[in-house]
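Every number in this text was worked out from the coordinates using simple rules, so none of it is lab data. No experiment lies behind these values; they were computed from the predicted model shown. Please note: Cβ atoms are built from the backbone with ideal geometry, for glycine as well, and neighbour counts cover all protein chains shown.
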Amino acid sequence: MRKIYIRFTRRGRYKRPFYDIIVVYKDRPPVTKCIEKIGIFDPDPSSKRILIDTERLAIWLNKGARLNFKVKKIISEMYYAKFGSK
């Protein structure tokens, strides 16, 4: 069975990046077509926008997809901002 990862892919322009959160096979090259785009992340401090389709994220995690370290960090920050830390 092929390993599936959820990771970022960079888009945007020079010194103004934004990232798509995509689902890809681990053994594919970094610049390849994704299986599915499930969200976007804009790291600009003035907007700091994170949009993720949580239903699709849950489906892919249940199928065995693994989160990239940076994606995991962003999702955990989003979770704690919404629900607070325990």
Among R66, R16, R56, determine the one that fluctuates most according to a GNM of the chain built with springs between C-alpha atoms less than 10 Å apart.
R16
Given the options G64, G39, G12, state which has the largest fluctuation in a GNM of the chain using a 10 Å cut-off (strictly under) for Cα springs.
G12
Only four residue types carry charge here, +1 at the Cβ of Lys and Arg and -1 at the Cβ of Asp and Glu. Report the dipole size of the stretch 4-83 about the Cα centre in Debye, rounded to the nearest 20.
300 debye
Using alpha carbons only: equivalent-ellipsoid semi-axes of the chain, gyration tensor based, whole Å
21, 19, 10
For K82 and K15, what does the FRET efficiency come to when R0 = 22 Å and r is the distance between their Cβ atoms, rounded to the nearest 0.05?
0.15
